[in-house]
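The values are calculated or read from the model by the stated rules, or taken from the named source; none is laboratory data. None of these values were measured; they are calculated from a predicted model. Reconstructed Cβ throughout: ideal geometry from the backbone, glycine too, with neighbour counts over all protein chains shown.
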Amino acid sequence: MAAGAVNVNETPLIVIVGPTASGKTSLAIKVAQQFSGEIISADSRAIYRGLDIGTAKPSMKERDGVVHWGFDLVNPGERFTAADFKRYADAKIADIRLRGKVPILVGGTGLYVDSVVYDYTFTAASNDLELRTKFEQKSLAELQNYCNKHNIQLPENNKNKRYIINAIARNGALPQKNTDKYKDKILVGIMTDKTVLKERIRKRAKTIVNDTTINEAMQAAQTWGWDNEAMTGNIYPLIRKYVAGELTRSELEEKFCMLDWRLAKRQLTWLRRNSEIAWCDLEHAYSYIAQRLADR
């Protein structure tokens with residue numbers, strides 16, 4: 001089958017995963033342009049409105065005319081779980097296929113991706129508001145200590161209170177997998193040399209750490225507060241310290257690089273547990289996807 005000529009009645013689900021700054025988005029855009037696709041972001045940081053540059057959402061120019069879903073779904077402070085994301089993504093995949101397009105799920109948030117790919121069933125305990133309210137009163141350190149004491153594995157992002165509370169609500173167990181829903185899928189992981197990935201993280205940090213991002217954070221803090229959960233991860237706590245005079249601009253950039261590198265390692269730890277992922281470097285990942293589509 002020629003490039004771009006995917007059978008609209010049998011469009012597969014393309015899933016592109018990898019650590020932060022690995023080039024997932026640019027690859028997905030290239031695939032979408034060539035094969036009439038639409039992208040669904042599976043990034044728990046990108047769901048929040050008003051937090052754009054600091055969460056590394058691609059700009060409209062970078063999206064290059066490709067339709068993107070999964071951005072700006074809720075305001076900071078609104079609860080949005082992996083179960084909510086699964087319902088959203090499932091609906092978008094069905095709609096994209098109905099319109100004869102190819103759905104491309106792109107993510108760095110492992111639980112978001114897996115909830116869709118493996119059709120997770122979430123337990124009632126995950127939505128126990130009384131339990132969640134109880135643990136939301138605890139500090140991050142207290143939640144981490146609780147998990148260690150009760151032998152509950154810390155989640156992919158162990159600095160995010162919501163993720164830890166979710167793990168506690170499930171008593172450390174992942175939701176139940178149901179693997180029949182998306183049998184027809186192409187699951188690709190971006191494999192990046194450690195040195196190259198660190199350099200990509202550093203270059204991205206230089207583009208993100210600027211006055212525009214700092215102003216974005218300050219405006220968001222005025223509206224929702226610095227302690228809002230959406231602003232407790234990623235770059236925003238560092239900007240808060242910078243604004244308070246506790247960090248210099250160069251220290252802010254350096255610490256941001258360190259946090260993103262730690263995030264990348266956590267993401268890889270999660271992803272490498274999945275033996276179904278075909279790992280390719282960025283250059284060969286496109287060829288792999290294109291060949292899989294051509295063979296259909």
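Okay, here's what the table says:
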{"item": "Long-range neighbours under 9 Å by Cβ, at least six apart or interchain, first residue at positive phi and touching a residue at least 60 places away in the same chain (Cβ under 8 Å) within segment 226-249, second of a type in the set (Asp, Glu) and surrounded by 14 or more Cβ atoms within 10 Å (Cβ to Cβ)", "result": "234/260"}
{"item": "Single residue of segment 32-49 satisfying the filter (surrounded by 24 or more Cβ atoms within 10 Å (Cβ to Cβ) and among the hydrophobic types (A, V, I, L, M, F, W, C)) that is farthest from residue 99 (Cα to Cα)", "result": "47"}
{"item": "Filter pass, residue 183 being of a type in the set (Lys, Arg), within 20 Å of residue 103 (Cα to Cα) and without any contact (Cβ under 8 Å) to a residue 24 or more places away in the chain", "result": "yes"}
{"item": "Subset of segment 263-280 that is surrounded by 14 or more Cβ atoms within 10 Å (Cβ to Cβ) and in a loop (DSSP other than H, G, I, E, B) - its residue that is modelled with the highest pLDDT", "result": "277"}
{"item": "Which numbered condition residue 204 misses (of (1) charged (D, E, K, R); (2) at pLDDT below 80; (3) within 21 Å of residue 108 (Cβ to Cβ))", "result": "(2)"}
{"item": "Considering residues of segment 163-212 that are in a helix (DSSP H, G or I) and among the small types (Gly, Ala, Ser) only, the residue farthest from residue 229 (Cα to Cα)", "result": "205"}
{"item": "Residue 29 assigned to a strand (DSSP E or B), in contact with a helix residue (DSSP H, G or I) (Cβ under 9 Å, 6 or more places away or on another chain) and either more than 24 Å from residue 226 (Cα to Cα) or in contact (Cβ under 8 Å) with a residue 24 or more places away in the chain (or both)", "result": "no"}
{"item": "Considering residues of segment 229-248 that are of a type in the set (A, V, I, L, M, F, W, C) and crowded, with 17+ Cβ neighbours inside 10 Å only, the residue nearest to the chain's Cα centre (by Cα)", "result": "230"}
{"item": "Residue in segment 186-202 that is surrounded by the most Cβ atoms within 10 Å (Cβ to Cβ), counting only those that are among the hydrophobic types (A, V, I, L, M, F, W, C) and in contact (Cβ under 8 Å) with a residue 40 or more places away in the chain", "result": "188"}
{"item": "Members of segment 50-71 that are in contact (Cβ under 8 Å) with a residue 40 or more places away in the chain and buried (at least 19 other Cβ atoms within 10 Å of the Cβ)", "result": "51, 54, 55, 56"}
{"item": "Any hit, segment 84-107, residues being touching an Asp or Glu at 6+ places or on another chain (Cβ under 7 Å), within 30 Å of residue 133 (Cα to Cα) and not in a loop (DSSP other than H, G, I, E, B)", "result": "yes"}
{"item": "Test: residue 27 is within 30 Å of residue 136 (Cβ to Cβ) and at pLDDT 90 or above", "result": "no"}
{"item": "Qualifying residue in segment 32-50 (condition: at pLDDT below 95, under 17 Å from the mean Cα position of the chain (by Cα) and assigned to a helix (DSSP H, G or I))", "result": "no"}
{"item": "Selection within segment 34-87 - closer than 25 Å to residue 223 by Cβ and of a type in the set (A, V, I, L, M, F, W, C)", "result": "46, 47, 51, 53, 56, 60, 69, 71, 73, 74, 80, 85"}
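A quick yes/no check of all residues on (1) among the aromatic types (Phe, Trp, Tyr); (2) in contact (Cβ under 8 Å) with a residue 24 or more places away in the chain:
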{"site": "86", "(1), (2)": "no, yes"}
{"site": "91", "(1), (2)": "no, no"}
{"site": "96", "(1), (2)": "no, yes"}
{"site": "103", "(1), (2)": "no, yes"}
{"site": "107", "(1), (2)": "no, yes"}
{"site": "113", "(1), (2)": "no, yes"}
{"site": "116", "(1), (2)": "no, yes"}
{"site": "120", "(1), (2)": "yes, yes"}
